[in-house]
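A.B. asks: Got a structure for you, written out below as structure tokens; questions coming shortly.
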Amino acid sequence: MQLACLLQAIEVKQLAGDKDKEIALLTADSRQASEGSMFVAVRGVNVDGHTFIPGLKGKGVAAIVVDTLPEDAAEYNGTTFVVVENTAIALGHLASRWYGDPSRRLRLVGVTGTNGKTTTATLIYEMARLQGYKAGLLSTVVNYVDTEAIHATQTTPDPLTINRLLAQMVDAGCSYAAMEVSSHAADQHRIAGLTFAGGVFTNLTRDHLDYHKTFQNYLNAKKSFFDSLGADAFALTNIDDRNGEVMLQNTRARRCTYSLRAMADFRGRVVESRLDGTLMSFNGHEVHVQFTGRFNAYNLTAVFGASILLGWDLEKVLVDMSRLVAVAGRFQAFHSPDGSVTGIVDYAHTPDAVVNVITAIREVVGPSHAIITVVGAGGNRDKGKRPIMAQEACRLSDRVILTSDNPRFEQPLDILADMEAGIADDPQARRKTLSIADRREAIRAAVMMAQPGDVVLVAGKGHEDYQEIQGVKHHFDDREEIREALGKI
């Protein structure tokens, strides 16, 4: 692509060099920068791309995008320097242009919030396919280009990866796409340059404060997504969440609401709930869905609203709501051979998510059967939520086993100590709590405790098939472990 064509996608503060040249590769990785390439120096959280610019001398790099012109720019033998206000934002727009602006060639829906992003985005993707369209998905669990599964490494990838995948979707004939929009991605401008047909807000509770530092910063990152939506898009928010209307304050998009409790554009209601599904009402139309719990009722109401806002036929949407199935590792149920004990694997890794999933189980099993919860917390992440997660698990469960999650570079026993601190002053909670650092042994112990009718919840990892210890990912899948343990009853 011609450099002059690429530069039309961004606001250039200063141009030092010739713009009439061909660009062979666009990259933000200096290791990939070679002859004829365009390198974008992004200031990241841990690494500043500008520090790698001196190493590009003599490599024949065609252009370098910076926010500050190097004093020795003239020594780069014909390299054009492009000065912009923010290189991260520029990268998003350049990536979109490089791949032919794919987000403008299909209808893209972004989903943001603390909990429910993966389920909601995945079900919008599935709904599009049930409606008869080819569609794509960018999610924490897996990416899809139509029906081709592509391994996911981040909730929201970098701009080049996003646009490459969107371009593949367009080439595959996709008309729609859904993607998760994480707070990190919004804050780091990974979604800059994308055109969204709509945005969905699920909820906001404490998470990622290791990165954002304050809850207000976390909220602002989520809100910035809605602030960026165009006038032709829709902004669909959960008004039962106290921050739901905040998301709409400065958006140019069409403002729409959904709720289980209040008057809204899209009203969901739980009529009857069981472990194998729920009878729900959507705007007065009753449908049996294959999901359990109020948190899933919110997700499904958001999917219903987004489907109608995308212009799909109401009657077909209602029929297809009943055909949707649970996302891997999200309230996924397993049973002992005789059906007497149920195991639930869920990705719940925040205090609010733990509350939601245990409450959903209690609403079905009632007080006569026990809920045994296995829960841990990830290493090198927000330490403040660890004691809260232990408190909530103990408050709502009959028995709790605190265990290891992904310890990463922390010691598992140190993480357990942080969780145990949350119940140190509660004798009743301590009496019903065990700490077993080995996650496999913790799951087995929980199943051994269970009596007929009880439910064992394994929370925190969901779809993940690994455990990260000291930088190494070891195979570990909660679904495999609970299935094996239940098989031995």
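The values are calculated or read from the model by the stated rules, or taken from the named source; none is laboratory data. Given the structure is predicted, the values throughout are model-derived calculations rather than measurements. We place every Cβ from the backbone using ideal geometry, glycine too, and count neighbours over all the protein chains shown. When the accessible area is computed, the model is the full protein with side chains, heavy atoms only, and any ligands, DNA or RNA have been set aside. Shrake-Rupley method; radii C 1.70, N 1.55, O 1.52, S 1.80 Å.
A.B. asks: Out of curiosity, is Asp265 under 29 Å from Phe234 (Cα atoms), in contact (Cβ under 8 Å) with a residue 40 or more places away in the chain and not small (Gly, Ala, Ser)?
C.D. replies: Yes; evaluated as a whole, the condition is true for this residue.
A.B. asks: Output the number of the condition that Pro70 fails; it satisfies all remaining conditions of (1) in contact with a Gly (Cβ under 9 Å, 6 or more places away or on another chain); (2) free of Cβ contacts under 8 Å to residues at least 40 places away in the same chain.
C.D. replies: If we test Pro70 against (1) in contact with a Gly (Cβ under 9 Å, 6 or more places away or on another chain); (2) free of Cβ contacts under 8 Å to residues at least 40 places away in the same chain, just (1) comes out false.
A.B. asks: Further, regarding this structure: Only one of Leu236, Leu279 is part of a strand (DSSP E or B) and over 30 Å from Leu194 (Cβ atoms); which?
C.D. replies: Just a single option satisfies the conditions, and that option is Leu279.
A.B. asks: Look at Val355 and say whether it is touching a helix residue (DSSP H, G or I) at 6+ places or on another chain (Cβ under 6 Å) and closer than 23 Å to Asn296 by Cα. Let's see the steps before the verdict.
C.D. replies: Values: touching a helix residue (DSSP H, G or I) at 6+ places or on another chain (Cβ under 6 Å): yes; closer than 23 Å to Asn296 by Cα: yes.
Criteria met by Val355.
A.B. asks: If Phe226 satisfies all but one of (1) among the aromatic types (Phe, Trp, Tyr); (2) open to solvent by 10 Å² or more (accessible area, probe 1.4 Å); (3) at pLDDT 90 or above, what's the number of the condition it fails?
C.D. replies: Of everything listed in (1) among the aromatic types (Phe, Trp, Tyr); (2) open to solvent by 10 Å² or more (accessible area, probe 1.4 Å); (3) at pLDDT 90 or above, Phe226 misses just condition (2).
A.B. asks: Take Gly110 and decide whether it is at pLDDT 95 or above and under 14 Å from the mean Cα position of the chain (by Cα).
C.D. replies: Judged against the criteria, Gly110 is a match.
A.B. asks: Looking only at residues in region 129-175 that are of a type in the set (D, E, K, R) and closer than 14 Å to Arg190 by Cβ, which one is least open to solvent (accessible area, probe 1.4 Å)?
C.D. replies: Applying the filter and picking the extreme gives Asp158.
A.B. asks: Counting only residues that are out of contact with any Cys (no Cβ under 6 Å at 6 or more places or on another chain) and open to solvent by 20 Å² or more (accessible area, probe 1.4 Å), give me the strands (runs of 3 or more DSSP E) lying completely in region 1-88 with at least 1 of them.
C.D. replies: In region 1-88, the matching strands (runs of 3 or more DSSP E) lie at 14-16, 25-27.
A.B. asks: Next question. With respect to Gly100, is the statement that it is in a loop (DSSP other than H, G, I, E, B), in contact with a helix residue (DSSP H, G or I) (Cβ under 9 Å, 6 or more places away or on another chain) and either farther than 27 Å from Ser307 by Cα or open to solvent by 20 Å² or more (accessible area, probe 1.4 Å) (or both) true?
C.D. replies: Yes; evaluated as a whole, the condition is true for this residue.
A.B. asks: Applying the selection to region 147-177, what residues are over 14 Å from Pro102 (Cβ atoms) and aliphatic (A, V, I, L, M)?
C.D. replies: Across region 147-177, the qualifying residues are Ala149, Ile150, Ala152.
A.B. asks: Against the definition (touching an Asp or Glu at 6+ places or on another chain (Cβ under 8 Å), closer than 26 Å to Val142 by Cα, free of Cβ contacts under 8 Å to residues at least 40 places away in the same chain and open to solvent by less than 20 Å² (accessible area, probe 1.4 Å)), how does Ala221 come out, yes or no?
C.D. replies: Considered against the rule, which asks whether it is touching an Asp or Glu at 6+ places or on another chain (Cβ under 8 Å), closer than 26 Å to Val142 by Cα, free of Cβ contacts under 8 Å to residues at least 40 places away in the same chain and open to solvent by less than 20 Å² (accessible area, probe 1.4 Å), Ala221 comes out as yes.
A.B. asks: Looking at (1) over 26 Å from Pro427 (Cα atoms); (2) touching a helix residue (DSSP H, G or I) at 6+ places or on another chain (Cβ under 7 Å); (3) not hydrophobic (A, V, I, L, M, F, W, C), which is the one condition that is false for Asn406?
C.D. replies: For Asn406, the failing item is (2).
A.B. asks: Please determine, by comparing only the residues of region 114-128 that are polar (S, T, N, Q) and modelled with pLDDT of 95 or more, which one is least open to solvent (accessible area, probe 1.4 Å). Steps first, answer last, please.
C.D. replies: First pass over region 114-128, keeping only residues polar (S, T, N, Q): 114-115, 118-120, 122.
Retained after the next criterion (residues that are modelled with pLDDT of 95 or more): 120, 122.
Working: Thr120: 0, Thr122: 18 Å².
Going through the qualifying residues, I end up with Thr120.
A.B. asks: Just one of (1) closer than 29 Å to Leu123 by Cβ; (2) surrounded by fewer than 24 Cβ atoms within 10 Å (Cβ to Cβ) trips up Gly384, so point out which.
C.D. replies: (1)
A.B. asks: Separate question: From the residues in region 433-484 that are of a type in the set (A, V, I, L, M, F, W, C), part of a helix (DSSP H, G or I) and under 29 Å from the mean Cα position of the chain (by Cα), which one is surrounded by the fewest Cβ atoms within 10 Å (Cβ to Cβ)? Please lay out each step first, then the result.
C.D. replies: Initial filter on region 433-484 (of a type in the set (A, V, I, L, M, F, W, C)): 434, 436-437, 442-443, 445-450, 455-459, 469, 472, 476, 482.
Okay, now just the ones that are also part of a helix (DSSP H, G or I), so 442-443, 445-449, 482.
From what's left, under 29 Å from the mean Cα position of the chain (by Cα): 442-443, 446, 482.
Details: Ala442: 22, Ile443: 25, Ala446: 25, Ile482: 25.
Out of the qualifying residues, it is Ala442.
A.B. asks: Let me ask something else. Given (1) charged (D, E, K, R); (2) crowded, with 19+ Cβ neighbours inside 10 Å; (3) outside any helix (DSSP H, G or I), identify the lone condition not met by Glu392.
C.D. replies: For Glu392, the exception is condition (3).
A.B. asks: Moving to a separate point now. Could you check region 270-293 and list, in sequence order, the residues that are open to solvent by 30 Å² or more (accessible area, probe 1.4 Å), of a type outside the set (S, T, N, Q) and without any contact (Cβ under 8 Å) to a residue 24 or more places away in the chain?
C.D. replies: Val271, Glu272, Leu279, Gly284, Glu286
A.B. asks: Can you name every residue in region 324-363 that is open to solvent by 20 Å² or more (accessible area, probe 1.4 Å), touching a residue at least 24 places away in the same chain (Cβ under 8 Å) and more than 17 Å from Gly293 (Cα to Cα)?
C.D. replies: Result: His335, Pro337, Asp338, Ser340.
A.B. asks: While we're here: I'd like the full set of residues that are farther than 26 Å from Leu318 by Cβ and of a type outside the set (Ser, Thr, Tyr), limited to region 233-271.
C.D. replies: Once the filter is applied, which keeps residues that are farther than 26 Å from Leu318 by Cβ and of a type outside the set (Ser, Thr, Tyr), region 233-271 yields Arg242, Asn243, Glu245, Val246, Met247, Leu248, Gln249, Asn250, Arg252.
A.B. asks: Sticking with this structure for a sec: Just need a number here: residues in region 123-159 that are over 18 Å from the mean Cα position of the chain (by Cα), part of a helix (DSSP H, G or I) and touching a residue at least 24 places away in the same chain (Cβ under 8 Å).
C.D. replies: Residues that pass the stated criteria total 3.
A.B. asks: Something else: Among the numbered conditions (1) in contact (Cβ under 8 Å) with a residue 60 or more places away in the chain; (2) outside any helix (DSSP H, G or I), tell me where Asp425 comes up short.
C.D. replies: Status for Asp425: all satisfied but (1).
A.B. asks: Moving on to the next point. All but one of (1) in a helix (DSSP H, G or I); (2) under 17 Å from Ala348 (Cα atoms) hold for Asn406; state the number of the condition that does not hold.
C.D. replies: Failing condition for Asn406: (1).
A.B. asks: Filter region 239-273 for residues that are assigned to a loop (DSSP other than H, G, I, E, B) and not aliphatic (A, V, I, L, M) and give the result.
C.D. replies: Within region 239-273, Asp240, Asp241, Arg242, Asn243, Gly244, Glu245, Gln249, Asn250, Thr251, Arg252, Arg261, Asp265 meet the criteria.
A.B. asks: Among the residues of region 356-389, write down those that are closer than 12 Å to Ala459 by Cα, in a helix (DSSP H, G or I) and among the polar types (S, T, N, Q).
C.D. replies: Residue satisfying the conditions is Asn356 alone.
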